[in-house]
1. Assuming a viscosity of 1.567 mPa s and a temperature of 4 °C, what translational diffusion coefficient in µm² per second does Stokes-Einstein assign to the stretch A:38-91, Rh being the Kirkwood radius over Cα pairs?
2. Choose one answer from B:Pro42, B:Pro72, B:Pro102: the residue with the largest mean-square fluctuation in a GNM of chain B with alpha-carbon springs under 10 Å.
3. Where a ≥ b ≥ c are the square roots of the eigenvalues of the C-alpha gyration tensor, would you call the stretch A:81-196 rounded, which needs a/c under 1.5, or, failing that, prolate if a/b is larger than b/c, or oblate?
4. With contacts defined as alpha carbon pairs under 8 Å and 6 or more residues apart, what's the relative contact order of the stretch A:21-136 in percent?
5. Angle, helix A:199-227 long axis vs. longest principal axis of chain A, Cα atoms, 0 to 90°, nearest 10?
6. Among rounded, prolate and oblate, which fits the stretch A:17-60 when a ≥ b ≥ c are the square roots of the eigenvalues of its C-alpha gyration tensor, a/c under 1.5 means rounded, and a/b larger than b/c means prolate?
7. If I take the Cα coordinates of the protein assembly as shown and project them onto the principal axes, what are the three extents in Å, biggest first?
8. Of the peptides A:345-353, A:117-125, how do they stack up when ordered by the mean number of other Cβ atoms within 10 Å, highest first?
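Rule-based calculations on the coordinates, nothing more; no lab input. Since this is a predicted model, take the numbers as computed values, not measurements. Heads up, the Cβs are rebuilt from the backbone with ideal geometry, glycines too, and the neighbour counts pull from every protein chain shown.
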Amino acid sequence: MRDFAPSPDAPASPAPHPPTVSEARLLSVLDTAADGIIVIDEHARILIFNKACERMFGVPAAEVVGKNVKLVMPTEYAREHDAYVGSYIRTGVKKIIGIGREVQGRHADGTVFPLELSVGEAATPDGRQFIGILRDLRPRKESEQRLADLQGELVHLARVSAIDEMGAAIAHELNQPLTALMLYLQAIRRAHSRGVDIVTVVGDILDKAAGEAERAGHIIQRMRQFVEKRDPERHVRALDPLIDEAIDLTLLGQRHRIRIDRQQGENLPPVSVDPVQVQQIVVNLVRNAIEAASGVADPAIQIRTRADDGGVVLEVQDNGPGIAPEALPKLFEAFASSKRRGMGLGLAISRTIAQNHGGDLVVEPGGKGRGACFSLILPAAAAVPDEVG
Amino acid sequence: MRVHVVEDDAGVSDSLALILRNIGHTVISYPDAESLFRAPLPQARDAVIVDLSLPGISGAHLVRWLLNLAAPPRVVVITGQSQGFIDHQLRGLVPTGLVRKPLDVDAITRVLPAEDAAGSPA
Ligand SMILES: Nc1ncnc2c1ncn2[C@@H]1O[C@H](COP(=O)(O)OP(=O)(O)OP(=O)(O)O)[C@@H](O)[C@H]1O
Ligand SMILES: [Mg+2]
């Protein structure tokens with residue numbers, strides 16, 4: 001294998017000299033370190049490879065000392081590494097030295113894994129040396145992944161529970177088209193069996209019946225989209241149509257009518273979102289608003305969108321009593337609910353989703369005759385065209 | 001018989017009118033309680049079919065009002081809601097009939113007998 005920086009005076013393969021006493025002591029200290037430590041020379045040849053590194057990469061030091069450090073990197077890093085070290089030595093421009101960052105390592109069995117690497121530099125009588133301290137990020141990544149999984153599970157559960165709560169009302173909604181469908185068909189059946197001439201109207205009635213069947217299917221489809229468990233996604237979308245669908249879904253599960261004033265902002269930039277998750281926020285906010293306003297004489301909510309520096313804001317304002325000052329500090333915490341049947345998850349999950357999208361969910365608490373106003377803020381999608389959209 | 005139908009769902013209202021005419025009734029449809037109040041009073045020999053979930057004035061209010069008339073018509077409640085909701089809404093009111101959605105023609109003729117020549121459905 002050729003070294004990365006061919007230099008005429010570099011020995012092709014340095015003969016490892018036996019360590020001196022102080023070197024031996026240093027090595028034994030390095031071997032007790034929990035972090036991996038690799039020291040390389042100007043030619044990226046490994047001088048020191050401690051015990052932690054042996055475990056991390058699955059190779060004994062004896063096999064790697066004297067070889068190019070590329071050995072423990074996946075191929076694409078190895079290529080760049082040549083360029084980095086070369087350019088640093090030529091120009092002194094630091095890409096990683098003294099900074100530390102996340103890179104990838106390659107185990108002897110071929111596994112590529114994430115590493116946190118910080119690099120220091122030392123001038124020695126034998127020339128410049130680079131000291132790399134490495135930490136295996138897999139345990140941390142695993143717990144991050146577990147957390148993300150759990151969060152996803154919770155988000156899904158909350159959606160299911162929202163549907164469950166709306167379930168009775170949705171059953172009612174399904175009953176309507178089913179009733180109409182049944183009656184249309186029975187009307188035709190009766191006329192037919194009694195020999196009544198229905199030729200002129202039957203087409204019309206069948207069309208209406210089909211329309212009702214379609215309506216039932218549509219209700220189920222919207223519910224299913226909302227409840228099914230999926231991996232989080234990102235799509236570049238216009239926010240307003242998503243909001244309108246979510247409002248429809250919420251109203252499906254609503255027994256009492258409420259006035260909804262809907263205003264759409266003009267020229268809103270698209271957002272990069274998981275559509276179902278964003279709809280979940282809208283459902284939560286609108287349900288809360290409807291519940292909050294249900295006690296007043298003329299319940300009404302305003303749902304507005306507008307552009308706001310570099311993003312889009314959705315505001316859901318109701319004319320209920322607003323949020324009690326004592327409830328405000330814990331409002332977005334899980335299990336903070338003032339409702340008999342509430343789980344107190346709606347806002348906690350909504351804010352988590354908003355923040356996972358690089359946005360936020362904030363509240364203007366209102367009170368003294370003014371209702372609460374929740375604002376969902378989402379950053380505009382980056383200008384790059386997105387083919388998954 | 002003259003049947004007044006108070007139902008806000010256009011599909012249900014239309015199909016119900018169709019089947020009621022089909023079995024020999026005269027049908028007058030209203031989308032809400034308010035429009036029934038504006039129309040001539042239902043007669044004692046009429047029937048009124050009331051959907052329990054109405055926009056504005058509730059179905060239960062309308063039922064109470066109808067049953068309290070000097071000469072009350074027959075009052076048939078239709079609803080797709082849960083038993084709990086029905087009990088809560090009707091508290092103490094006893095309509096002539098209660099039919100839960102989804103409806104079919106047999107359930108309707110059981111409370112409002114057919115008046116066409118054929119009598120009951122084929
Ligand atoms: N628009 C609003 N006006 C007044 N209070 C509100 C409003 N929205 C939320 N709240 C208060 O915040 C609490 C928490 O809301 P959150 O949506 O997190 O839970 P929940 O609605 O109680 O239960 P669920 O888990 O079913 O959504 C509510 O119980 C209510 O007291
Ligand atoms: Mg809620």
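1. Translational D for this selection: 112 µm²/s.
2. B:Pro102
3. prolate
4. Value for the stretch A:21-136: 26 percent.
5. That helix lies at roughly 30 degrees to the long axis.
6. The shape class here is oblate.
7. 115, 59, 42
8. Ranking, from highest mean packing down: A:345-353, A:117-125.
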